[in-house]
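Worksheet for the structure shown next.
Values in this text are rule-based calculations from the coordinates and carry no lab data. Because the structure is a prediction, the values reported are computed rather than measured. FYI the Cβ positions are ideal-geometry reconstructions off the backbone, even for glycines, and counts take in every protein chain you see.
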Ligand code: ARG
Ligand code: ZN
């Protein structure tokens, strides 16, 4: 019985090993002077701060809001420091654990896939299979490789079957593990594509003429980890001997000005660029797939959250992209289409000037490879809930985002 008890004890500890966020808060700081920026950078060095927006202290500048998550044990210290500073600040989330618990709808839901829930990876796998089987040939699945932990990365190819290769759009979701609204959008998109083909004239013409490749979850290991162990995880889950820190930021690991700015070479940082470009197997698998299909892929869309932005190259340099004017025009058209539904306002522009320079991103990499229409979406919201967007907002967010994605797709189709 002793052994049994010890075993139960171990199992209980293993089951209980889920990060909790009781008493943690998310603050919004408003630096308007150099001293404020210095204050934030010092803060990041002296206490444990999780940067929600922007992603790291290094890219903080005068005039941009900074959202940070602060563990309960540092709150007294932070309040004291803030009192000594004259920087404007507010509390976005009073109690993070309450926000985590409040994210899921209360209405009883059967434990299965739902478009208005944040689905687990297991549910998404089953969903992909059943959607493919019931698509009457409109959708096929292909595995483009495995993740670090061995999960199959499956790309869904949606489009009317054709004997000749069609021009295509590639879209991925879930590069960053904690941005749950992103995979929810990819699933919504697949549902809309399959269910409106044949009735919606734009969708029908799009899928007749083009294929859309959808990767519903890019960083599957990280996504699974946010469901099982730590809701606030961002990176991949790869390990290397020599460092006890896990994972790299997949959106700093692409071969585009790699690790030159807005990224960290410290493996413990949340914006770690990795050991080499494409060191993360998930990044390599996607890059290989896009390189293989380079001649057909006309647009690259990547879905993140939060901030309500529609970004395009470049982020690794302040230089404007050769296609800047056209990319801007399409982004503004897409943003107004999005706004027309619920009034949600998006800001569009090149990454470097619209938010901050950050090298190694998939958008810049795809653009430099020759995929002209390369866009990063940062979906809802602007910080009220941040990564913890309630499930009740999945439907409106996905509906409005569909309008923007369809706007871009229609433009690309017209300009083949
Ligand atoms: N919030 C996104 C990130 O930090 C923005 C990506 C913009 N593109 C880029 N290449 N940095 O990954
Ligand atoms: Zn992201």
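By the count of other C-beta atoms within 10 Å, a proxy for reagent exposure, 125, 26 are ordered fewest to most as 125, 26. For the chain, a Gaussian network of Cα nodes joined below 10 Å ranks 94, 399, 280 by mean-square fluctuation, and the top entry is 94.
At an R0 of 56 angstrom, the distance between the Cβ atoms of residue 161 and residue 30 translates into a FRET efficiency of 0.55. The distance between label points at residue 46 and residue 245 comes to 2.1 nm (points 7 Å beyond Cα on the Cα→Cβ vector). For region 25-102, dividing the convex hull volume of the Cα atoms by the residue count gives 82 Å³ per residue. On full extension, the segment bounded by residue 76 and residue 332 gains 87.8 nm, given 0.36 nm per residue less the C-alpha separation. Applying 1/(1 + (r/R0)^6) with R0 = 51 Å to the Cβ-Cβ distance of residue 84 and residue 403 gives a FRET efficiency near 0.60. Peptide packing for 31-41, 331-341 was compared via the average number of neighbouring C-beta atoms within 10 Å per residue; ordered from the highest value, the list is 331-341, 31-41. Cα gyration tensor of region 261-345, axes a ≥ b ≥ c as square roots of the eigenvalues: rounded (a/c below 1.5), prolate (a/b > b/c) or oblate? Prolate. Take the Cα of residue 323, step 7 Å toward its Cβ, do the same at residue 209, and the gap between the two points is 1.5 nm. This ranking places 238, 392 by how few other beta-carbon atoms lie within 10 Å of each, fewest first, which gives 392, 238. Across 244, 265, 114, mean-square fluctuation computed from a Gaussian network of the chain (C-alpha pairs under 10 Å connected) peaks at 244. Distance from the alpha carbon centroid of region 206-258 to that of region 47-79 works out to 23 angstrom. Classify region 144-260 from the C-alpha gyration tensor, please: rounded if a/c falls under 1.5, else prolate or oblate depending on whether a/b exceeds b/c. Prolate, because a/c is 1.5 or more and a/b exceeds b/c. Take every DSSP beta bridge whose two residues both sit in the chain; close to 55 percent of them are antiparallel. For the options 19, 57, 184, a Gaussian network treatment of the chain with springs between C-alpha atoms closer than 10 Å singles out 19 as fluctuating the most.
A crude spin-label estimate for the pair residue 146 and residue 414, with each label 7 Å from Cα along the Cβ direction, gives 4.6 nm. In region 25-102, Cα pairs under 8 Å separated by at least six residues give a relative contact order of 47 percent. The ranking of 223, 346 by Cβ neighbour count inside 10 Å, starting from the fewest, reads 346, 223. Name the shape class, rounded, prolate or oblate, that the alpha-carbon gyration tensor gives for region 91-136, where a ≥ b ≥ c are the square roots of its eigenvalues, rounded holds for a/c under 1.5, and otherwise prolate holds if a/b is larger than b/c and oblate otherwise. Judged from the Cα gyration tensor, region 91-136 comes out prolate (a/c at least 1.5, a/b above b/c). Relative contact order for region 121-414: 20 percent, from Cα pairs under 8 Å spaced at least 6 residues apart, divided by residue count. Full extension of the chain between residue 229 and residue 112 gives 40.1 nm of extra length, using 0.36 nm per residue less the Cα-Cα distance. Region 121-414 gives an Rg/Rh value of 0.94, both radii derived from C-alpha positions and Rh following Kirkwood.
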